[in-house]
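See below for the structure under consideration.
The values are calculated or read from the model by the stated rules, or taken from the named source; none is laboratory data. These numbers come from a predicted model, not from an experiment. Methodologically, a virtual Cβ is constructed for each residue, glycine included, from the backbone with ideal geometry; neighbour enumeration extends over all protein chains shown.
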Amino acid sequence: MATDSLSSARKVIVQLKATADAPILKQNKFKIHGTDKFAKVIDFVCRQVHRETVVAYL
C-alpha cells in the first residue's frame, strides 16, 4: 500500500515545443501527476492556445 501512495504522489515534467505555425506558450514546462492521462495535457494546451484541437507529437 505504501508504494501505491508514493507512485501516485510523483509528478512528471512535460516540456512542450511549438512547431510550424503553432502558437508559442508563455510557459513550456508543466508538472502533472504521474497517474494523470495525457489527454489532460492536451485539454490544457487547447485551453491555453484557444483552439478546439491540437496535434501532439511524442
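Test Thr19 against the criterion of being modelled with pLDDT of 90 or more, hydroxyl-bearing (Ser, Thr, Tyr), outside any helix (DSSP H, G or I) and out of contact with any strand residue (DSSP E or B) (no Cβ under 6 Å at 6 or more places or on another chain), and give yes or no.
Considered against the rule, which asks whether it is modelled with pLDDT of 90 or more, hydroxyl-bearing (Ser, Thr, Tyr), outside any helix (DSSP H, G or I) and out of contact with any strand residue (DSSP E or B) (no Cβ under 6 Å at 6 or more places or on another chain), Thr19 comes out as no.
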Would you check which residues across region 24-39 are of a type in the set (A, V, I, L, M) and surrounded by 10 or more Cβ atoms within 10 Å (Cβ to Cβ) and list them?
Leu25, Ile32
